[in-house]
Amino acid sequence: FEYRPYYEKAGNAYQVNALDWSSGQPLWQIYLAGRNAMKLASDGVLINVGNQLQRLSISDGKSQWITTLPVDDHGLRLNHTVRDGENLLMGSDSGFLYALDWQTGDLLWMEDIWGQLGLPWRPVTPLGVDGDTILVWMSLADGDAVAGLRRGASPAPWPTPTFVPDSALQM
């Protein structure tokens, strides 16, 4: 797969081409509003438009499911999703963390991480899963932080996030 810029009079779009590995011939293509609107996995392609997510088959580009999120979240961070078995964790620029079933597209849960901490919205991105802990990166006006969230139907901050200035993270 590759990105090729495709320009229309109405604005910029990105053309995503699926090519046959042995012949290099095009199998299918789609146009996206931006590079961050797609996540490639070994068994599918996840794309988003607004608050809708769609999983496409890698081999033929056909839709496998479409999910509409219950909030109008246009800042999904698809390029930073994390797979944990059959679950997909995805963050957003508006501070939500989502868990979806990769096979069906069902929304398992969603949590307003910043609202839970009583703070105004900022980007949140899942980093990984270790046992019952979900690690997330969170952006603050005065720096970035990593927090651990206990896995469950409604994750709670654990432990209390420690926020450090950007200078402490520099090598």
- line: Of the residues in the stretch 63-81, those that are farther than 20 Å from P126 by Cβ and modelled with pLDDT of 85 or more come to S63, Q64, W65, I66, T68
- prompt: For the stretch 122-165, what are the residues that are modelled with pLDDT of 70 or more, among the polar types (S, T, N, Q) and under 14 Å from M110 (Cα atoms)?
  reply: T125
- prompt: Out of D60, D93, D84, D106, which single residue is at pLDDT 80 or above, open to solvent by 30 Å² or more (accessible area, probe 1.4 Å) and closer than 17 Å to M138 by Cα?
  reply: D93
statement: Flagged pairs (Cβ under 6 angstrom, 6 or more apart or on separate chains; first in the stretch 134-147, within 19 Å of L88 (Cα to Cα); second open to solvent by 70 Å² or more (accessible area, probe 1.4 Å) and at pLDDT below 75) are I134/R151
- prompt: Are there any strands (runs of 3 or more DSSP E) wholly within the stretch 10-96 with 3 or more residues that are touching a helix residue (DSSP H, G or I) at 6+ places or on another chain (Cβ under 8 Å), and if so which?
  reply: 44-49
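The values are calculated or read from the model by the stated rules, or taken from the named source; none is laboratory data. Computed from a predicted model, the values in this text were never measured in an experiment. Backbone-built Cβ (ideal geometry, glycine too); neighbour counts: all protein chains shown. Quick note on the areas: whole protein, heavy atoms, side chains included, nothing else; ligands and nucleic acids left out. Shrake-Rupley method; radii C 1.70, N 1.55, O 1.52, S 1.80 Å.
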